[in-house]
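Read the structure below first, then the notes.
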Amino acid sequence: MSDTISSALQETLTHIRPVQPRLCTEAEQRLNQLTKPPGSLGRLETIAVQCYAIAEGNWSMPLRKAAYVFAADHGVTREGVSAYPSAVTAQMVENFLHGGAAINVLARLHDVQLTIVDAGVDAEFTAEAALWHRKVRRGSRNLRVEPAMSAREMADALDIGLEAANDAHDRGAALVAAGEMGIGNTTAASALAAALTRQPVEAVTGAGTGISSTARQGKQRVIEEALHRHLPLWRTGTVAPLEALRCVGGLEIAAMTGFFLGAARHRKIIVVDGFIATAAAAVAVALAPPLRDYLLAGHRSQEPGHAHLLHQIGIEPILDLRMRLGEGTGAVLAMPVIVSAMHILKEMATFASAGVSSTNA
């Protein structure tokens, strides 16, 4: 592994620790003292316990929230796997910068500081544009015929995410999310999902941006060819997560992987978005299993591979709104639910403090 990632990321991996069980117990005990029947707030209670343990019981309100959208193009679009031309990636980045995308609306509404990162868009942006200029190369290679990235390119993309996580920490953000933009990236995510979960390609490959059933079958063939070419043991053996990421991933997926690892090192509450982001999270968890303790799944995507990745990681989505947009929208939408859970744990009265009789059972 040391040959394929930077020393900074190697150090990050050594600092990712599981949350302390005693902190979960503390939170559960407090929840059971609050003026409500035990367990009556359902998943809000489990979310509150997890956040309390991540933050070691220390958080101030209002919470600072941050989301980073990583953008990159994919060479596999030459295979006709998307309903949109690859030029849409750059056009959507411009839309983000002008505040006109769904993620902009939601970030403004929910007071989430939004940062757009060019990790590998096949276009040039003006130096004055309000984005991070971190382009590794102008799009990944066509994964059907060659690895999507070289080892050096993957390492550089991972470090972009690590830099973003450090930035979020420096800004004092406690609740963070990563989103993405990249035409063709559902193909990369489907290939990663198959490699990491050993599910059949057809079980993890959906319509993406809205392709026809015929185009979807072609997309599945592209993924099958890529996996057999680069990861021939994907159905029968163990696939190294970084090799899968390098061969069939993408620059923005690698950046999100680095972001999740860096955010866990800094003990952030991490909200994972949809299918693409969860593919990155699955790679990150494979590299550092304790990372799972820091992850909350914002929502369940309509992409079929998402459910398999969520099961692989072992996290349950907070929302199910039949979304498949990406950009970090599902993660940001889930943030108010998470904040609500934290406020309940922190601010609700106990039976004793409110003078309310508790159960006789």
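Each residue of the range 64-76 was assigned a 3J(HN,Hα) from its phi angle through the Karplus curve 6.51 cos²θ - 1.76 cosθ + 1.60 (θ = phi - 60°); the sequence is 7, 10, 9, 9, 10, 9, 9, 10, 6, 9, 9, x, 5 Hz, with glycine and proline shown as x.
Please give the FRET efficiency for T359 paired with L319, using the beta carbon to beta carbon distance and R0 = 51 Å, rounded to the nearest 0.05.
Details: r = 31 Å, r/R0 = 0.61.
Computed FRET efficiency for T359 and L319: 0.95.
Computed from backbone phi with θ = phi - 60° and the Karplus coefficients 6.51, -1.76 and 1.60, the 3J(HN,Hα) list for the range 213-226 is 5, 5, 5, 5, 5, x, 4, 5, 5, 4, 5, 4, 4, 5 Hz; x is used for glycine and proline.
Would you kindly state how much longer the chain becomes between A151 and R78 on full extension, computed as 0.36 nm times their sequence separation minus their alpha carbon distance, in nm to one decimal?
Numbers: separation 73, 0.36 × 73 = 26.28 nm, distance 2.25 nm.
Additional length available on full extension: 24.0 nm.
When you count the other C-beta atoms within 10 angstrom of each residue and take the mean per peptide, 29-38, 331-340 line up highest first as 331-340, 29-38. At full extension, Q91 and T14 could sit 23.8 nm farther apart than now, given 0.36 nm per residue minus the alpha carbon distance. Panel order for M149, M154, M61, M323, by other beta carbons found within 10 Å of each beta carbon, from fewest to most: M61, M323, M149, M154. Kirkwood analysis of the Cα pair distances in the range 237-284 returns a hydrodynamic radius of 11.0 Å. Work out the FRET efficiency for E28 and A215 from their Cβ-Cβ distance, taking R0 = 41 Å, and round it to the nearest 0.05. The computed FRET efficiency comes out at 0.25.
Please list 73-80, 265-272, 128-135 highest first by mean number of surrounding beta-carbon atoms within 10 Å per residue.
Working: 73-80: 22.6, 265-272: 24.8, 128-135: 15.1.
Final packing ranking: 265-272, 73-80, 128-135.
Couplings 3J(HN,Hα) of the range 305-318, computed from phi: x, 5, 4, 5, 5, 4, 5, 4, 6, x, 10, 10, x, 7 Hz, in residue order, whole Hz [Karplus 6.51 cos²θ - 1.76 cosθ + 1.60, θ = phi - 60°; x for Gly and Pro].
When only Cα pairs below 8 angstrom with a gap of at least 6 residues are kept, the chain shows a relative contact order of 25 percent.
Pulled fully out, how much extra length does the chain show between T236 and F351, if you take 0.36 nm times their separation in residues and subtract their Cα-Cα distance?
Numbers: separation 115, 0.36 × 115 = 41.40 nm, distance 5.53 nm.
Length gained, T236 through F351: 35.9 nm.
Rounded to the nearest 500, what is the chain's calculated 222 nm mean residue ellipticity when only DSSP H runs of at least 4 contribute -39500 (n - 2.57) each, over all residues?
That calculation yields -15000 deg cm²/dmol at 222 nm.
Spatial offset of the range 300-360 relative to the range 134-189 amounts to 26 Å, using the alpha carbon center of each. Of G206, G57, G305, the residue with the greatest mean-square motion in the GNM of the chain, using alpha carbon springs below 10 Å, is G57.
Taking only the alpha carbons of the chain, we obtain Rg and Dmax values of 20.4, 70 Å in that order. Between the listed residues F260, H133, G100, the Cα displaced farthest toward the positive end of the dipole of the range 64-340, a dipole computed from Cβ unit charges relative to the Cα centre, is found at F260. Most tightly packed first, judged by the mean number of other beta-carbon atoms within 10 Å of their residues, the peptides 209-221, 165-177 read 165-177, 209-221.
Since every read-out is calculated from the coordinates, none of them should be taken as a lab result. Computed from a predicted model, the values in this text were never measured in an experiment. Using ideal geometry, Cβ is built from the backbone for each residue, glycine included, and neighbour counts are taken over all protein chains shown.
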